[in-house]
Amino acid sequence: MRILTGLQPSGKLHVGNYFGAIKPAIDAQGEGDGYYFIADYHAMTTTHDSNELRENVRNVAIDFLACGFDPSRGVFFKQSSVPEVNELAWILSTVCPMGLLERCHSYKDKISKGISANHALFAYPALMAADILLYDSNVVPVGEDQKQHLEVTRDLVGKINDQYGDGTLMMPKARIRDDVAKVPGLDGEKMSKSYNNTLPIFGDEKPTKKLIMRIKTDSAAVEDPKPTENSIILALYQLFADQAEYGQMISDYENGGCGYGDFKKRLAEAYWDYFAPMRARREELVTNSDEVDSVLKAGAEKARSEAAKVLDRVRKAVGLA
Ligand code: ADP
Ligand code: TRP
């Protein structure tokens, strides 16, 4: 089974990204043949600053390795290291109805936010389909927001196979992470960089702990019992603490006698300890950029040789070879 997913290089990783995307991707290693890439061509649909793009790609590579991706058990590469993906995207575009792309929510959302409607933004799902199909991927773990792009991909496989013969492209399946609860941000809304409510995973100690101390709470006095329902502190603490620690906080909420300041301190400590090994690994990687380069280079070689096989098959099927 081949599992493939793309990571957007879009700035600083936050706790929501970690539990919603990075951790599930790393946990899936070993379940099958794992292919993970940094979607740098896709990032160009919205980032036109070359230094920013380079830096974001570098950071996501370092972050993914620091979070525990094991290069001996999977393939990790930059999307643009396999430029052949553009050829497959073109081939897919020739059977892709305009209406299919016009209906995509993600395109409509971006336009409504004022991002200019360039061709690449419109064609984004065709390139995403090519990312998936170029490696004969079977399973594609993605967030709910990407579900429609997977439907477009499956539609395109149907059209190519109808036109050029069964087996020209493999039919992939989405794996939607609906078991991963939405991580709340510091204001209780979904944690998201667009809401300015994030807890970074690799922030500096003092300012990050300060963010936690500023989480909004009600005005219950220290001795009062406190409501456990909809508590931002508890929801975040559950991600970092072990069961006994979490159980203790629940009973301290229910019994009263502990203030929110105390709960926040416990949360800040648990958060800091949880990411400590990853933070240490990240520091190592920042000073050892050769290691990052060599992982990406080996990944690119492997990905490119797999892609060549699929593209060869497709070129023959469509009449280019
Ligand atoms: P943001 O909302 O900060 O812009 P992205 O849309 O770039 O984050 O998300 C990247 C990945 O992280 C996606 O797979 C998304 O499902 C996941 N993700 C983002 N925020 C959360 C959250 N609060 N809870 C769970 N998963 C999240
Ligand atoms: N569009 C995805 C996102 O925004 C990233 C992505 C690009 C992707 N190509 C992919 C994900 C292929 C899975 C498979 O998160």
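Mind listing whichever residues of the range 105-121 are among the small types (Gly, Ala, Ser), more than 8 Å from ligand 2 (Cβ to nearest atom) and part of a helix (DSSP H, G or I)?
In the first step, residues of the range 105-121 are kept if they are among the small types (Gly, Ala, Ser); the result is 106, 112, 114, 116-117, 120.
Filter again for more than 8 Å from ligand 2 (Cβ to nearest atom), leaving 112, 114, 116-117, 120.
Across the range 105-121, the qualifying residues are 112, 120.
Only a single criterion out of (1) out of contact with any Lys or Arg (no Cβ under 7 Å at 6 or more places or on another chain); (2) assigned to a loop (DSSP other than H, G, I, E, B); (3) within 15 Å of ligand 1 (Cβ to nearest atom); (4) under 26 Å from residue 186 (Cβ atoms) is not satisfied by residue 45, namely (4).
Checking each residue in the range 182-222 for being closer than 26 Å to residue 282 by Cα, aliphatic (A, V, I, L, M) and not in a helix (DSSP H, G or I) picks out 183, 186, 191, 199, 201.
Filtering the range 30-42 to residues that are within 28 Å of residue 185 (Cα to Cα) and either among the small types (Gly, Ala, Ser) or surrounded by fewer than 19 Cβ atoms within 10 Å (Cβ to Cβ) (or both) leaves only 39. If you go through the range 43-76 and keep only what is crowded, with 16+ Cβ neighbours inside 10 Å, polar (S, T, N, Q) and away from ligand 2 (no atom under 15 Å from the Cβ), you end up with just 59.
With respect to residue 157, is the statement that it is at pLDDT 90 or above and within 12 Å of ligand 1 (Cβ to nearest atom) true? No; evaluated as a whole, the condition is false for this residue. A single member of 292, 222, 318, 286 is among the aliphatic types (A, V, I, L, M), touching a helix residue (DSSP H, G or I) at 6+ places or on another chain (Cβ under 6 Å) and surrounded by fewer than 17 Cβ atoms within 10 Å (Cβ to Cβ), and it is 318. Here is the figure for the range 142-166: residues that are in a loop (DSSP other than H, G, I, E, B) and either in contact (Cβ under 8 Å) with a residue 60 or more places away in the chain or within 13 Å of ligand 2 (Cβ to nearest atom) (or both) total 2.
Scanning the range 167-183 for residues that are more than 14 Å from ligand 2 (Cβ to nearest atom) and crowded, with 20+ Cβ neighbours inside 10 Å yields a count of 2. Listed by first and then second residue, the pairs with beta-carbon distance under 6 Å, at least 6 apart or on different chains, first residue in the range 69-90 and without any contact (Cβ under 8 Å) to a residue 60 or more places away in the chain and assigned to a helix (DSSP H, G or I), second surrounded by 20 or more Cβ atoms within 10 Å (Cβ to Cβ) and among the hydroxyl-bearing types (Ser, Thr, Tyr), are 80/41.
Does the range 77-90 include one or more residues that are among the small types (Gly, Ala, Ser) and crowded, with 22+ Cβ neighbours inside 10 Å?
Within the range 77-90, one or more residues are among the small types (Gly, Ala, Ser) and crowded, with 22+ Cβ neighbours inside 10 Å.
Looking across the range 122-141, the residues that are within 10 Å of ligand 2 (Cβ to nearest atom) and free of Cβ contacts under 8 Å to residues at least 60 places away in the same chain come down to 125, 129, 130.
Of all the residues in the range 1-41, those that are within 11 Å of ligand 1 (Cβ to nearest atom), under 21 Å from residue 123 (Cα atoms) and not in a strand (DSSP E or B) number 4. Residues that are under 20 Å from residue 185 (Cα atoms), in contact (Cβ under 8 Å) with a residue 12 or more places away in the chain and not basic (Lys, Arg) were ranked within the range 251-267; the one that is surrounded by the fewest Cβ atoms within 10 Å (Cβ to Cβ) is 261.
Residue-by-condition table, conditions (1) farther than 22 Å from residue 22 by Cα; (2) surrounded by 18 or more Cβ atoms within 10 Å (Cβ to Cβ); (3) not assigned by TED's automatic domain parsing to the domain that holds residue 175:
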residue: 111; (1), (2), (3): yes, no, no
residue: 118; (1), (2), (3): yes, no, no
residue: 122; (1), (2), (3): yes, no, no
residue: 129; (1), (2), (3): no, yes, no
residue: 135; (1), (2), (3): no, yes, no
residue: 141; (1), (2), (3): no, yes, no
residue: 145; (1), (2), (3): no, no, no
residue: 148; (1), (2), (3): no, no, no
residue: 153; (1), (2), (3): yes, yes, no
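The values are calculated or read from the model by the stated rules, or taken from the named source; none is laboratory data. Remember, it's a predicted structure, so these values are computed and weren't measured experimentally. Here Cβ is always computed from backbone atoms with ideal geometry, including for glycine, and neighbour counts include all displayed protein chains.
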